[in-house]
Every structure is written in structure tokens, then in C-alpha cells.
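Student: The structure under discussion is supplied below as C-alpha cells; questions concerning it will follow.
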């Protein structure tokens, strides 16, 4: 179980910024379930940004994501994993290939697809069992595109929903790759570089858009 509590190069559970934020967010909480829920909602509300996708390890460090204040699913999952471990909650990453039926037309045209081969989310060990949580999309984004916001109670799995608010298809989990105690960056980039190019870095400014791939 130690592997789900230790710090790694990406999951910086011992980084001062991560430790301080975890302590701030969980102050007064009396159970791991309550701590996990608080951490989930903090990370969920970090703005989702697809163009933060990167092939570079520095762009996946939990402290980088916390300081940048935005990220895509894998980055947000790394940050949530680091915060949970800093709070003493065993946690791990999960990866899947998903199909998003609500991808905006401009994004779908640019990517040439609505399928994403490296969707990242989390699992926490709470009350003796692993519970799944996807802190991917912030509430503001969900409202704009008309999809349900993922809610997490620390007891039930909370994955991206299969239906939008109007009942039309939304997220389809096509293939689940399993769980990981550390960021499997090579595994991710092997798949995502085919879409974004091998040199893609996180776009911190509009001018970072170099017209991938």
C-alpha cells in the first residue's frame, strides 16, 4: 500500500505547495472520506483546458498544475492524486480511452475525431475499498455545454456521465487501461502524440498555439 502514498516526480505529495494546499483544504475534516471529497471539489473546479495536453514531464508535475491553475484530465488527476497522498489518503491514477459525443465542432474538426486515447481520473482507498472519481470538467464548462456536473460523495463511483442534460449521448468509456501508482507518461504520450505531435507542450498563452501536429 505504500506505493499509493509515496511522492513521485509527477505526483509531488511532498512538495511544500502541495502539502500546504492539502492541509488548507482538509482543515477540520475528521475522516478520509470528507478529506477526499473536499480535495475532489477543489480540483474539479480548476478550469479544464484541452490545450494543456503535453508530451513533456515538467508539464505534469502537480505543483506546476496547481500554480498554473488549469489543466486537462490527466494533469488534474495527477494534482488530485498528489493532494490526496499529501493528506494521507491512498490514491492512484486510472486511464481509459473515451469517446466524447459533445466535443465542440471546431475542436472536433481540428482533432479529426471525438475519441481521446488518454483520459485520466482517480481512485481513492476509502473505508477499505477503491472508489473512483473523475474531477475532469469544472462546473462552468459543464453548464456551457449542457452536461451534468460530476458530483462525488466519497462512497459511490463518480465517472463522466453517458448522457447530456438533454438525454443525448455524452461520454462513452471505450476501453479501460487499468490503474497506476505513478504517471505512466510513456504510455500516454505513445497514444496522444499521434494526435498532437511529439513536441506538444502545454499552451500557457494563446500564442503558444503552433498549429499541431
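The values are calculated or read from the model by the stated rules, or taken from the named source; none is laboratory data. In this text, all values refer to a predicted model and were calculated from it rather than measured experimentally. Here the Cβ is made from the backbone with ideal geometry for all residues, glycine too, and neighbour counts use every protein chain on show.
Student: When residue 85 is evaluated against the numbered criteria (1) crowded, with 24+ Cβ neighbours inside 10 Å; (2) over 13 Å from the mean Cα position of the chain (by Cα); (3) under 19 Å from residue 186 (Cα atoms), which criterion, by number, is the only one it fails?
Tutor: Here residue 85 clears every test but (3).
Student: Take the conditions surrounded by fewer than 18 Cβ atoms within 10 Å (Cβ to Cβ), at pLDDT 95 or above, closer than 23 Å to residue 137 by Cα and touching a strand residue (DSSP E or B) at 6+ places or on another chain (Cβ under 9 Å) and apply them to residue 99. Does it pass?
Tutor: Numbers: surrounded by fewer than 18 Cβ atoms within 10 Å (Cβ to Cβ): yes; at pLDDT 95 or above: yes; closer than 23 Å to residue 137 by Cα: yes; touching a strand residue (DSSP E or B) at 6+ places or on another chain (Cβ under 9 Å): yes.
In short, yes.
Student: Could you tell me which of the residues 11, 65 is within 30 Å of residue 195 (Cα to Cα), free of Cβ contacts under 8 Å to residues at least 24 places away in the same chain and surrounded by 18 or more Cβ atoms within 10 Å (Cβ to Cβ)?
Tutor: From the options 11, 65, the qualifying one is 65.
Student: Moving to a separate point now. Please enumerate the residues belonging to segment 22-35 that are crowded, with 16+ Cβ neighbours inside 10 Å and touching a helix residue (DSSP H, G or I) at 6+ places or on another chain (Cβ under 6 Å).
Tutor: 22, 25, 26, 35
Student: To continue, here is another question. Take segment 195-213 and flag every residue that is in contact with a strand residue (DSSP E or B) (Cβ under 8 Å, 6 or more places away or on another chain) and farther than 30 Å from residue 148 by Cβ.
Tutor: none
Student: Also, quick follow-up: Are any of the residues in segment 20-41 outside any helix (DSSP H, G or I), in contact with a strand residue (DSSP E or B) (Cβ under 8 Å, 6 or more places away or on another chain) and within 30 Å of residue 104 (Cα to Cα)?
Tutor: Looking for residues that are outside any helix (DSSP H, G or I), in contact with a strand residue (DSSP E or B) (Cβ under 8 Å, 6 or more places away or on another chain) and within 30 Å of residue 104 (Cα to Cα), one finds none in segment 20-41, hence no.
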